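Please read the structure below before turning to the comments.
The values are calculated or read from the model by the stated rules, or taken from the named source; none is laboratory data. Here the structure is a predicted model, which is why all the values come from computation and not from measurement. When we count neighbours, we look across all protein chains shown, and the Cβ atoms used for this are built from the backbone with ideal geometry, even at glycine.
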């Protein structure tokens with residue numbers, strides 16, 4: 001708000017707020033000033049005192065989200081700052097039926113009228129009819145835009161973004177030209193792929209050579225593979241053989257968040273047009289790459305992976321914090337483990353490979369050695385519960401005091417507002433008192449919110465504690481040397497262990513791991529019985 005005069009009961013009924021909005025970055029910012037000029041003329045003619053101006057620049061009327069000006073206007077309306085909102089037309093407030101009805105209902109409840117330049121005061125019929133018209137306008141505009149984009153594609157121009165290997169021709173919308181340096185990289189990628197080199201290996205080579213990635217710092221396999229359902233990714237993009245693809249996805253607005261999300265369209269609705277002048281890759285090479293991608297996709301569908309060893313999904317890299325994945329078995333038939341970040345992009349320094357069986361042996365051995373005293377764990381849990389109960393009592397007393405103070409402040413504010421409404425006092429007299437109470441209320445509200453949001457120490461149910469101790473007893477007495485994934489010991493292990501962090505060591509043949517228990521993760525603090533373990537002669541290279 002700006003230029004707000006002091007509001008007294010005498011002018012309260014004629015206090016008005018102005019609201020202006022324009023939709024697109026392509027429109028002129030001057031549009032807001034032009035709207036305000038017209039609104040000011042209307043307010044002067046009708047005898048309104050302008051107490052605030054609110055605006056949203058380059059914001060769509062199809063959603064309430066990201067409309068800071070409108071949200072501030074609604075906040076001020078609830079505080080009786082004005083009795084009328086003046087807009088050029090109702091679609092400046094919203095073009096969505098649900099949102100417009102909600103705005104009207106809330107403003108009416110707050111005792112605030114809506115007035116437009118040409119139709120005067122808005123009522124239920126006016127709002128309903130205008131909302132329908134605005135919604136139809138949005139739908140019609142969407143169809144016209146899509147029709148226009150379809151025409152652009154038919155003319156051999158691109159309706160979407162600019163893919164890697166091309167740049168936009170300035171002043172000629174939709175037209176692209178080839179960047180030869182990037183085109184050479186694309187030819188290299190396709191050549192290596194059809195020659196049998198994996199996307200991971202290709203990305204590692206590009207990263208080592210320092211080739212700039214399309215997005216982000218490093219090349220990653222997903223930028224090459226893309227998604228089969230959407231047909232994106234470098235290896236799947238028909239643009240590289242001179243075909244512009246369009247209508248593979250549709251953007252829809254999520255009514256809960258106001259955000260636009262993409263949904264895949266059926267392949268029967270995908271559209272293509274010829275752009276042979278933009279071809280970079282030979283059609284034979286491209287077709288071969290598509291055959292290989294489809295073959296790989298079918299193999300993945302036929303072999304859905306399940307945990308292959310005890311630590312599947314639990315291993316973390318001690319250098320970058322990312323996951324560690326299987327490289328498959330070597331000549332001896334043993335499964336090898338490596339940092340996924342290093343393996344995929346080479347951007348982590350943890351390049352060492354480990355045998356999964358060796359890590360499992362070290363982890364089980366270390367845990368069992370630390371489970372020799374279950375009584376210590378029981379004592380820890382007993383003390384933990386006692387401390388939890390003490391803290392709960394303390395927090396309850398603090399919360400009760402804050403809520404009592406908050407209720408007193410709100411009662412005082414209501415009394416002042418009622419006095420103003422009855423004409424027993426003037427706004428100028430109680431303004432400072434109200435401001436002080438409002439400030440105090442905000443502080444108490446933040447304190448109350450912070451008490452709720454503050455991380456609480458979790459109280460474990462007695463049955464959960466019992467189960468935890470049973471699992472420890474079961475794991476500590478386990479007999480299976482290799483611990484099959486389906487065994488009772490393995491089930492107990494995966495219920496107890498949250499993660500196994502593998503640290504990089506420079507000592508040949510040595511491995512260092514840290515086992516974090518689920519109890520530690522749950523409570524947010526170090527708890528027995530797990531810790532760091534070091535073993536020797538367990539590396540795979």
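Just a few scattered comments:
Conditions tested, residue by residue: (1) under 21 Å from residue 133 (Cβ atoms); (2) outside any helix (DSSP H, G or I).
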site: 62; (1), (2): yes, yes
site: 72; (1), (2): no, no
site: 85; (1), (2): yes, yes
site: 101; (1), (2): yes, no
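- Whichever residue in the stretch 293-325 is touching a helix residue (DSSP H, G or I) at 6+ places or on another chain (Cβ under 7 Å) and not in a loop (DSSP other than H, G, I, E, B) and, among such residues, is modelled with the highest pLDDT: 317
- Taking the stretch 17-43 as the range and being at pLDDT below 80 and not in a loop (DSSP other than H, G, I, E, B) as the test, only 30 passes.
- For the stretch 103-132, a residue qualifies if it is in a helix (DSSP H, G or I) and in contact (Cβ under 8 Å) with a residue 12 or more places away in the chain, and the qualifying residues are 103, 104, 106, 107, 124, 126, 127, 128, 130, 131, 132.
Yes or no, residue by residue, for (1) over 31 Å from the mean Cα position of the chain (by Cα); (2) part of a helix (DSSP H, G or I); (3) not assigned by TED's automatic domain parsing to the domain that holds residue 293:
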| site | (1), (2), (3) |
| --- | --- |
| 161 | no, no, yes |
| 172 | yes, no, no |
| 192 | yes, yes, no |
| 202 | no, yes, no |
| 207 | no, yes, no |
| 216 | no, no, no |
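- Looking only at residues of the stretch 340-363 that are free of Cβ contacts under 8 Å to residues at least 60 places away in the same chain and crowded, with 16+ Cβ neighbours inside 10 Å, we find that the one that is farthest from residue 201 (Cα to Cα) is 356.
- Pair list, Cβ < 7 Å and 6+ apart or interchain, from the stretch 177-202 residues that are farther than 16 Å from residue 236 by Cα to residues that are in a loop (DSSP other than H, G, I, E, B): 177/169; 178/165; 178/280; 179/165; 182/164; 182/165
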